[in-house]
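Undergrad: Here's a structure for you.
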Amino acid sequence: MSTDNALAAVVFDLDGTLVDSAEDLRAASNALLAELGRPPLDLATIKSFIGDGVAKLVERVLEASGGVPEQAVERMLLRRFLDIYEADPSSRTRPYPGVVETLQALRSQGLKLGICTNKPIIATQRLLDDLGLRPLVDAVVGGDSFPSRKPSPEPLLGLLAMLRVAPARAAMVGDNEHDVAAARAAAVAKVLIMRHGYSRVPLERLDHDGVLDSFSDLPGRLFEGGA
């Protein structure tokens with residue numbers, strides 16, 4: 001293989017890929033609902049709302065618990081949710097098994113690592129710092145880092161520009177339909193999906209290059225087929 005086409009970077013989604021954050025998102029959602037005098041939502045319901053950014057999460061939480069208020073009130077409640085969540089995004093969140101060791105192994109191979117998430121950047125940075133993951137990645141973009149978010153390829157391409165790696169020399173590892181759509185639109189070399197994530201679309205219907213049952217399987221799968 002020409003070194004011009006050798007894999008140089010791996011980009012990861014965050015929620016549902018590197019970390020299981022559903023319990024903290026549920027806690028923040030239910031804290032907001034308690035302030036509104038609304039009943040709490042269960043974990044399965046919250047998981048089904050994750051992946052489209054925090055504004056959509058809050059909208060779905062409000063809709064499921066009694067209805068979405070007028071736009072100005074909804075914006076105020078979104079800000080309140082962010083205040084709650086950003087104050088403590090990590091106490092119930094943990095990396096999936098094998099994540100830390102796998103990131104360390106990939107870095108030892110000379111690969112650049114990045115995170116492209118739809119989570120707001122402030123909460124993302126706080127979460128990565130709290131969990132000790134920030135030193136393991138070279139660049140991070142959130143759902144508010146660019147004008148558009150996944151499934152748009154814009155944040156992924158912006159992240160690759162920060163890493164100084166061409167899409168043809170990068171792989172994307174995610175867990176849902178937005179990760180696949182962004183990666184295909186960006187024309188990265190390989191797209192892998194974690195089975196343990198929050199996808200609302202059956203994985204067999206997504207245009208990926210493989211499904212991972214364990215994070216520790218990633219290093220071997222990245223280089224299958226000459227990627």
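Undergrad: Can you find even one residue in the range 62-77 that is of a type outside the set (Ser, Thr, Tyr), in contact with a Leu (Cβ under 9 Å, 6 or more places away or on another chain) and within 21 Å of Pro135 (Cα to Cα)?
TA: No: zero hits.
Undergrad: Can you find even one residue in the range 199-209 that is surrounded by 20 or more Cβ atoms within 10 Å (Cβ to Cβ) and within 21 Å of Gly142 (Cα to Cα)?
TA: yes
Undergrad: Same structure, new question: Among the strands (runs of 3 or more DSSP E) confined wholly to the range 129-218, which include 1 or more residues that are touching a Phe, Trp or Tyr at 6+ places or on another chain (Cβ under 6 Å)?
TA: Counting at least 1 such residues, we get 170-174.
Undergrad: Still on this structure: Return the total of residues in the range 32-57 being in contact (Cβ under 8 Å) with a residue 40 or more places away in the chain and either closer than 16 Å to Leu14 by Cβ or crowded, with 18+ Cβ neighbours inside 10 Å (or both).
TA: Qualifying residue count, the range 32-57: 7.
Undergrad: Working only within the range 68-101, note down all residues that are in contact with a strand residue (DSSP E or B) (Cβ under 7 Å, 6 or more places away or on another chain), surrounded by 16 or more Cβ atoms within 10 Å (Cβ to Cβ) and closer than 17 Å to Lys119 by Cα.
TA: Thr93, Pro95 - these are the residues of the range 68-101 that are in contact with a strand residue (DSSP E or B) (Cβ under 7 Å, 6 or more places away or on another chain), surrounded by 16 or more Cβ atoms within 10 Å (Cβ to Cβ) and closer than 17 Å to Lys119 by Cα.
Undergrad: Tally up the residues in the range 32-49 that are assigned to a helix (DSSP H, G or I) and under 30 Å from Phe215 (Cα atoms), please.
TA: 5
Undergrad: I'd like the full set of residues that are under 16 Å from Phe215 (Cβ atoms) and hydrophobic (A, V, I, L, M, F, W, C), limited to the range 169-190.
TA: Ala171, Met172, Val173, listed by residue number.
Undergrad: Can we say Gly114 is at pLDDT 95 or above, crowded, with 21+ Cβ neighbours inside 10 Å and either among the charged types (D, E, K, R) or under 26 Å from Leu7 (Cβ atoms) (or both)?
TA: yes
Undergrad: Hey, another quick one. Sort out which residues of the range 162-216 are more than 27 Å from Phe49 (Cβ to Cβ) and modelled with pLDDT under 95, and write them in order of number.
TA: Residue satisfying the conditions is Ser216 alone.
Undergrad: If you scan the range 19-31, which residues turn out to be in a helix (DSSP H, G or I), touching a Lys or Arg at 6+ places or on another chain (Cβ under 7 Å) and buried (at least 16 other Cβ atoms within 10 Å of the Cβ)?
TA: Hits for the range 19-31 are Ala22, Asp24, Ala27.
Undergrad: Let me ask you something else. Restricting attention to the range 94-112, does a residue exist that is more than 26 Å from Met162 (Cα to Cα) and assigned to a helix (DSSP H, G or I)?
TA: No, every residue in the range 94-112 fails to be more than 26 Å from Met162 (Cα to Cα) and assigned to a helix (DSSP H, G or I).
Undergrad: To continue, here is another question. All but one of (1) free of Cβ contacts under 8 Å to residues at least 40 places away in the same chain; (2) touching a Leu at 6+ places or on another chain (Cβ under 6 Å) hold for Phe81, so report the exception by its number.
TA: (1) is the only condition that Phe81 fails.
The values are calculated or read from the model by the stated rules, or taken from the named source; none is laboratory data. Owing to the predicted nature of the structure, the values given are computational and were not obtained by experimental measurement. Neighbour counts run over all protein chains shown; Cβ positions are idealised from the backbone, glycine included.
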